[in-house]
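Below: one structure in structure tokens.
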Amino acid sequence: MTEIGFGTWSWGNKFLWGYQAEKDDQLLKKTFKAAIDSGLTLIDTADSYGTGNLTGRSETLLGKYLEELPLSKKRSITIATKLAPYPWRVGRKGFKHPFKLSKKRLKGKIDRVQLHWSTYRYAPWQEAQLIDGLGDLYENGDITEIGVSNMGPRRLRWMHNRLTRRGIPLKSIQIQFSLLSPQNNKKQIQDICKELNIQLLAYSPLALGVLAVKPSDDKVPKAKTLLRKILFNRLLPGSIVLRKELERIARERGVSQAQVALNWCRSHGAHPIPGIRTPLQARDIGSARRWKLSDKEKASLDKLSNEVTQRMPNNPFLSD
Ligand SMILES: NC(=O)c1ccc[n+]([C@@H]2O[C@H](COP(=O)([O-])OP(=O)(O)OC[C@H]3O[C@@H](n4cnc5c(N)ncnc54)[C@H](OP(=O)(O)O)[C@@H]3O)[C@@H](O)[C@H]2O)c1
């Protein structure tokens with residue numbers, strides 16, 4: 001069974017989550033501690049997390065919280081950041097400076113660097129240079145793992161081959177993967193990951209929280225930002241039958257709906273990295289590690305998921 005990690009996109013994201021620096025930081029510190037105590041040891045972040053003038057905030061907060069952990073705990077954690085292939089980051093050394101900045105924000109603790117998205121559709125030469133640059137970081141011993149993100153099956157194989165030629169393993173790929181994610185080439189990616197022993201990370205596994213909404217409270221919670229309200233208004237009505245089934249399974253097992261949605265990802269061999277914002281959510285997600293879906297529950301959720309027509313939007317950079 002795959003493990004569960006957590007993501008920190010909301011830590012510094014003003015637009016989607018209404019994040020407020022300082023005010024939210026104490027809560028996030030407690031959230032971080034609860035997540036580590038609950039056994040969530042893979043932490044996903046990115047140098048672009050933290051919108052507007054808060055750029056890098058997610059890494060900065062993680063760096064601060066990591067410093068307070070005992071060394072043995074810190075060693076047991078994998079920090080996986082993502083570097084963004086912005087158009088000005090070109091050439092084999094394009095990530096050299098951004099990597100240094102991330103490493104500084106994370107107080108020296110970076111285990112994995114992931115290429116945040118594929119530039120194949122608009123600047124194919126750029127991603128070849130950048131992945132070669134990540135290979136250099138690996139060979140220099142700066143990082144121990146390389147990952148990619150938002151890539152389709154063709155680019156995934158290509159990336160794997162490019163690294164394999166240098167004897168470098170490709171550790172992971174992350175794609176949007178949930179009961180409500182777009183129906184593109186998830187299955188092909190799953191098969192390649194199995195064949196090539198690449199870890200499949202499921203991002204947005206709760207569809208930004210939609211899958212955790214009980215079918216009986218179908219009003220969009222007041223606290224949501226405008227962008228999330230729009231998304232919730234679009235996805236809640238069409239997912240009611242699916243969410244009724246999530247609720248039924250959750251009730252029968254005495255767990256939360258969020259746990260059922262995450263264990264659906266695990267039942268497909270994916271390693272979910274849900275975004276967490278409170279200690280309660282962290283502990284709840286940690287509890288999902290202790291059980292798994294039966295084949296019957298999985299089949300019923302698969303069927304209902306396939307029937308939903310209104311789904312999450314595709315990532316615009318996803319390559320083929
Ligand atoms: N590679 C990429 O391009 C990419 C793109 C997107 C995300 N990601 C990664 O994936 C991570 C997760 O995705 P995401 O943050 O977009 O969305 P998500 O995990 O699908 O949803 C996160 C939201 O779910 C709710 N939630 C979390 N735990 C819960 C629980 N136990 N019970 C009820 N609700 C719960 C919270 O909502 P409230 O805020 O309402 O409490 C939280 O903000 C990100 O943080 C990021 O690290 C990567």
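Along the charge dipole of segment 126-271, pointing to its positive end and built from +1/-1 on Cβ of Lys, Arg, Asp and Glu, which listed residue (Ile230, Gln188, Gln126) has its Cα farthest out?
Ile230
Charges on Cβ only, +1 for Lys and Arg, -1 for Asp and Glu, centred on the Cα centroid of the chain; of Leu42, Ile143, Leu101, which one is farthest towards the dipole's positive end?
Going by the charge dipole, the pick is Leu101.
Most fluctuating residue of Ile146, Ile36, Ile240 in a GNM of the chain with Cα springs under 10 Å: which is it?
It is Ile240.
Please compute, for the alpha-carbon atoms of segment 73-170, the extent along each of the three principal axes and give them in descending order in Å.
Result for segment 73-170: principal-axis Cα extents of 39, 27, 22 Å.
Right, next: Can you list the trypsin sites (Lys or Arg not before Pro) in segment 187-245 that are in a DSSP coil and have 15 or fewer other beta carbons within 10 angstrom?
Loop-located and lightly packed - Lys219, Lys222.
Now a separate question. Label Lys303 and Asn161 with points 7 Å out from Cα along Cα→Cβ: what is the distance between them in nm?
Placing both labels 7 Å along Cα→Cβ, they lie 4.1 nm apart.
If contacts are Cα pairs under 8 angstrom and at least 6 residues apart, what is the relative contact order of segment 1-94 in percent?
About 31 percent, as a whole number.
Still on this structure: Quick one: pull the percent of accessible area on the chain belonging to carbon and sulfur, 1.4 Å probe, ligands and nucleic acids left out.
53 percent
Can you tell me the orientation of helix 124-139 relative to the chain, as the angle in degrees between its alpha-carbon axis and the longest Cα principal axis, to the nearest 10?
So the inclination is approximately 80 degrees.
In segment 47-105, what is the volume of the convex hull around the alpha carbon atoms, normalised per residue and reported in Å³?
88 Å³
May I ask you to list the aspartates and glutamates whose Cα is less than 16 Å away from that of Lys109, ignoring any residue fewer than eight positions away on the same chain?
List returned: Asp44, Asp47, Glu59, Glu67, Glu68, Asp142, Glu145.
Throw me the Rg/Rh for the chain, computed over C-alpha atoms with Kirkwood Rh, two decimals.
On the way: Rg = 18.9 Å, Rh = 20.0 Å.
A ratio of 0.95.
For the chain, what is the mean residue ellipticity at 222 nm derived from helices alone (per DSSP H run of n ≥ 4: -39500 (n - 2.57); sum divided by total residues; nearest 500 deg cm²/dmol)?
-13000 deg cm²/dmol
Follow-up question, since we're still on this one. For a 22 Å ceiling on Cα separation, which of these pairs sit above it: Lys23/Lys100; Lys187/Lys303; Lys82/Lys104; Lys187/Lys219?
Lys23/Lys100; Lys187/Lys219, as the Cα separations exceed 22 Å there.
Something else now. Can you check how the C-alpha radius of gyration of segment 114-258 compares to 2.2 N^0.38 Å, as a plain ratio?
Against the compact-globule rule of thumb, the ratio is 1.30.
What relative contact order, as a whole-number percentage, does segment 242-288 give when Cα pairs under 8 Å and 6 or more residues apart are counted?
With pairs under 8 Å counted, the relative contact order is 33 percent.
Just flag the trypsin sites (Lys or Arg not before Pro) in segment 11-43 sitting in loop per DSSP whose Cβ has no more than 12 other Cβ atoms within 10 Å.
Lys23
Right, next: Taking the Cα centre of the chain as origin, sum charge times position over the Cβ atoms of Lys and Arg (+1) and Asp and Glu (-1), and report the length of that vector in debye to the nearest 20.
320 debye
The values are calculated or read from the model by the stated rules, or taken from the named source; none is laboratory data. Please read these numbers as outputs of a predicted model, since none were measured by experiment. Quick reminder, even Gly has a Cβ in these numbers, built from the backbone with ideal geometry, and neighbours come from all protein chains shown. We work out accessible area using only protein heavy atoms, side chains counted, and drop any ligands, DNA or RNA first. Shrake-Rupley method; radii C 1.70, N 1.55, O 1.52, S 1.80 Å.
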